[in-house]
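Just below is one structure, and these are the notes that go with it.
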Amino acid sequence: MTPGHEWFIKSFTFQDSGRKTATQFATFVAISVSCLIVNLGIVWLAVTFLSLAPLVAKVIATCCAFLRNYHGQSRFTFRSGEGT
């Protein structure tokens with residue numbers, strides 16, 4: 001990655017210049033890790049208690065984690081500047 005790549009993505013792609021980068025990065029990591037935990041938990045529950053095939057459980061878990069990740073990132077990490 002080039003040195004200005006992150007700035008370009010943050011400024012032009014997400015049109016976000018109001019939040020501090022460190023805070024935004026910490027929020028991004030926290031939401032991503034929580035989605036990983038959700039993903040693993042759903043796979044474990046589906047395989048252990050619902051006796052689903054691991055591949056089917058992983059597809060279901062990925063869909064759920066994707067939706068949670070998208071909602072979290074758009075609501076908390078890359079929200080528009082109200083209140084910040």
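Structural remarks
- Annotation: extensible slack from V33 through V47 equals 2.9 nm (criterion: 0.36 nm per residue apart, minus Cα-Cα distance).
- I60, I42, I37, reordered so the largest accessible area comes first (probe 1.4 Å): I37, I60, I42
The values are calculated or read from the model by the stated rules, or taken from the named source; none is laboratory data. Just so it is clear, the structure is predicted and the values come from calculations on it, not from any experiment. All accessible areas refer to the heavy atoms of the entire protein, side chains included, with ligands and DNA or RNA removed. Shrake-Rupley method; radii C 1.70, N 1.55, O 1.52, S 1.80 Å.
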